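For reference, the structure discussed in these notes is given below.
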Amino acid sequence: MLTAIVGINWGDEGKGRMVDLLSRDEDVVVRYQGGNNAGHTVVNHLGKFVLNLLPSGILREEVVCVMGSGMVIDVEHLSREVKKLTDAGVKITPENLKISDKAHICMPYHVMLDRMEEARLKDKKFGSTGRGISPVYGDKYMKKGIRMGDLLHPAYLKERLETVVPFKSMNVEKIYGGEKITAGAMYEWLKTYGMPFTPYICDVSSYLDAALTEGKRVMLEAQLGALRDIDFGIYPFTSSSSTIAGYGPVGAGIPGRKIDLTVGIMKAYSSCVGEGPFTVEMDGREAHDLREAGGEYGAATGRPRRVGAFDAVASRYGVRMQGADCLALTKMDVLSYMDRVPVCTAYLVNGKTVTDFPTGEDLNSAEPVIEYLPGWKCDVSSARSFDDLPEAARNYVLTLEKLVGCPIRYVSVGPEREAYIERY
Ligand code: GDP
């Protein structure tokens with residue numbers, strides 16, 4: 001059984017929290033794209049953890065976690081993440097963590113190039129997290145990447161570095177006026193931070209294929225949301241990887257496998273980190289109140305997130321792009337303070353009402369059509385069944401379900417593992 005857990009919006013929907021919950025029934029959890037540019041926050045009995053690279057399933061001892069071939073891995077960051085977790089008592093061994101030999105390594109020069117380019121762009125910057133993600137994916141497609149599997153063959157790795165690093169150094173020096181980078185220094189960095197992971201590196205493809213053939217349950221965990229997908233998101237303000245479920249089996253390493261169930265994670269309101277069109281954006285007091293109520297600060301960077309009303313136009317598009325079979329609506333409890341809850345039901349583009357998510361200039365100029373639903377004005381965080389919710393809150397869930405055209409199976413009412421409602 002292959003399940004995908006994916007984001008319907010701009011990311012930060014609470015995927016980590018839902019993967020942590022739903023992985024209770026899983027044997028294997030796989031991250032299939034992205035790097036340490038976003039963070040999944042999981043709260044459980046051991047504490048609060050921000051996971052940037054490790055699959056959220058790592059917090060369940062019986063689950064095997066896989067970092068798939070579609071990922072880009074900063075091994076120095078991974079070392080720190082593993083240490084933090086093991087210090088807190090989480091078990092991480094080659095038995096419960098497997099790293100694809102085909103995943104690309106995010107090198108120090110990728111981080112450097114990312115930051116230098118953002119600085120060059122000044123007020124035209126993309127709002128990159130500066131973690132090297134777009135340069136490392138760029139190199140992957142230019143076939144100048146260094147892969148995790150290269151660490152298993154030091155002589156070959158040295159040869160690769162001798163070919164690739166002078167090219168990268170030319171970029172750093174000649175375009176941005178930075179310092180020379182040497183293959184030797186990069187080898188030393190890989191020896192320090194990458195080599196300790198060699199026992200974890202394997203052909204995850206055959207491992208996953210065998211697991212599925214044996215009837216095991218495998219979950220694909222996405223990072224970011226549909227609107228950040230490199231092809232179908234708000235390009236160029238997207239991430240550099242494919243965030244959609246359709247890419248899941250490819251990025252995991254099992255391209256021939258079909259997904260049996262796709263669960264879309266959709267937030268009860270909107271948030272967006274960085275630059276780019278965000279039609280429902282609130283400002284002033286309204287934004288401040290929602291940001292504070294939802295704790296909307298980046299898990300990876302601490303940046304305040306832009307916030308807005310639930311966007312039915314963007315979410316319906318997200319549901320379609322993800323091919324979601326059902327949804328988990330998160331952070332319902334955050335809206336409890338509102339007298340009336342805003343919902344964007346359509347966009348106005350050049351004076352016309354549209355309900356299909358536009359692209360390009362149409363999206364840049366779109367204005368939201370906002371309708372208001374009655375607020376529930378009470379704490380819903382202890383609700384454990386749909387009937388525990390007040391009528392206005394139930395009405396909100398049912399309205400969103402109708403607007404996006406997909407059943408809402410779970411409603412999350414708090415960050416804790418048990419703070420949720422399963423409707424069917
Ligand atoms: P992700 O990247 O999609 O995993 O999302 P983030 O981890 O960036 O953001 C989700 C944040 O919301 C985390 O701090 C979670 O602990 C928290 N969270 C998740 N679900 C809920 C919920 O239903 N209610 C509240 N109040 N917080 C939640």
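The values are calculated or read from the model by the stated rules, or taken from the named source; none is laboratory data. Here the structure is a predicted model, which is why all the values come from computation and not from measurement. Glycine also receives a Cβ, built like all others from the backbone with ideal geometry; neighbour counts cover every protein chain displayed.
Worth pointing out:
- For Lys377, the stated conditions do not hold, so it cannot be described as modelled with pLDDT of 95 or more, on the phi > 0 side of the Ramachandran plot and within 15 Å of the ligand (Cβ to nearest atom).
- The residues of segment 386-417 that are within 16 Å of the ligand (Cβ to nearest atom), in contact (Cβ under 8 Å) with a residue 60 or more places away in the chain, outside any loop (DSSP other than H, G, I, E, B) and not basic (Lys, Arg), listed by number, are Ala393, Tyr396, Val397, Leu400, Ile408, Tyr410, Val411, Ser412, Glu416.
- Scanning segment 162-174 for residues that are surrounded by 17 or more Cβ atoms within 10 Å (Cβ to Cβ) and either out of contact with any Leu (no Cβ under 8 Å at 6 or more places or on another chain) or closer than 13 Å to Met142 by Cα (or both) yields Val164, Val165, Lys168, Ser169.
- If you check Phe357, Phe386 for being at pLDDT 95 or above and in contact with a Phe, Trp or Tyr (Cβ under 6 Å, 6 or more places away or on another chain), only one passes: Phe357.
- Test: Asn9 is in contact with a strand residue (DSSP E or B) (Cβ under 9 Å, 6 or more places away or on another chain), over 26 Å from Tyr420 (Cβ atoms), not charged (D, E, K, R) and not in a helix (DSSP H, G or I): no
- Lone qualifier among Pro390, Pro407, Pro358, Pro368 - being in contact with an Asp or Glu (Cβ under 8 Å, 6 or more places away or on another chain) and crowded, with 16+ Cβ neighbours inside 10 Å: Pro368
- If you go through segment 244-300 and pick out every residue that is in a strand (DSSP E or B), of a type in the set (Ser, Thr, Tyr) and in contact (Cβ under 8 Å) with a residue 12 or more places away in the chain, you end up with 3.
- Pick from segment 329-366, criterion within 16 Å of the ligand (Cβ to nearest atom) and hydrophobic (A, V, I, L, M, F, W, C), ranking: nearest to the chain's Cα centre (by Cα): Leu329
- Check on Met338, in contact (Cβ under 8 Å) with a residue 60 or more places away in the chain and not assigned by TED's automatic domain parsing to the domain that holds Gly70: no
- Some residue of segment 254-266 being over 25 Å from Arg417 (Cβ atoms), buried (at least 23 other Cβ atoms within 10 Å of the Cβ) and not assigned by TED's automatic domain parsing to the domain that holds Phe386: yes
- Flag for Gly138 being touching a residue at least 60 places away in the same chain (Cβ under 8 Å) and surrounded by 18 or more Cβ atoms within 10 Å (Cβ to Cβ): no
- Options Gly276, Gly295, Gly308; residue that is over 15 Å from the mean Cα position of the chain (by Cα), assigned by TED's automatic domain parsing to the domain that holds Arg409 and surrounded by fewer than 17 Cβ atoms within 10 Å (Cβ to Cβ): Gly295
- Scanning segment 73-84 for residues that are touching a residue at least 60 places away in the same chain (Cβ under 8 Å) and farther than 14 Å from Gly39 by Cα yields Val75, Glu76, Ser79.
- Criterion applied to Ala383, Ala324, Ala328 was being assigned to a loop (DSSP other than H, G, I, E, B), touching a residue at least 60 places away in the same chain (Cβ under 8 Å), touching a strand residue (DSSP E or B) at 6+ places or on another chain (Cβ under 7 Å) and within 27 Å of Tyr424 (Cα to Cα), and the one residue passing it is Ala324.
- Check on Arg115, out of contact with any Asp or Glu (no Cβ under 7 Å at 6 or more places or on another chain), basic (Lys, Arg) and within 16 Å of the ligand (Cβ to nearest atom): no
- Segment 219-243, subset under 18 Å from Tyr141 (Cβ atoms) and hydrophobic (A, V, I, L, M, F, W, C), residue surrounded by the fewest Cβ atoms within 10 Å (Cβ to Cβ): Ile230
- Filter pass, Asn9 being farther than 22 Å from Lys216 by Cβ, at pLDDT 95 or above, of a type in the set (S, T, N, Q) and within 16 Å of the ligand (Cβ to nearest atom): yes
- Test: Gly215 is farther than 22 Å from Gly138 by Cα and modelled with pLDDT under 95: no
- Residue within segment 221-239 that is more than 16 Å from the ligand (Cβ to nearest atom), part of a loop (DSSP other than H, G, I, E, B), of a type in the set (Phe, Trp, Tyr) and in contact with a helix residue (DSSP H, G or I) (Cβ under 7 Å, 6 or more places away or on another chain) present: yes
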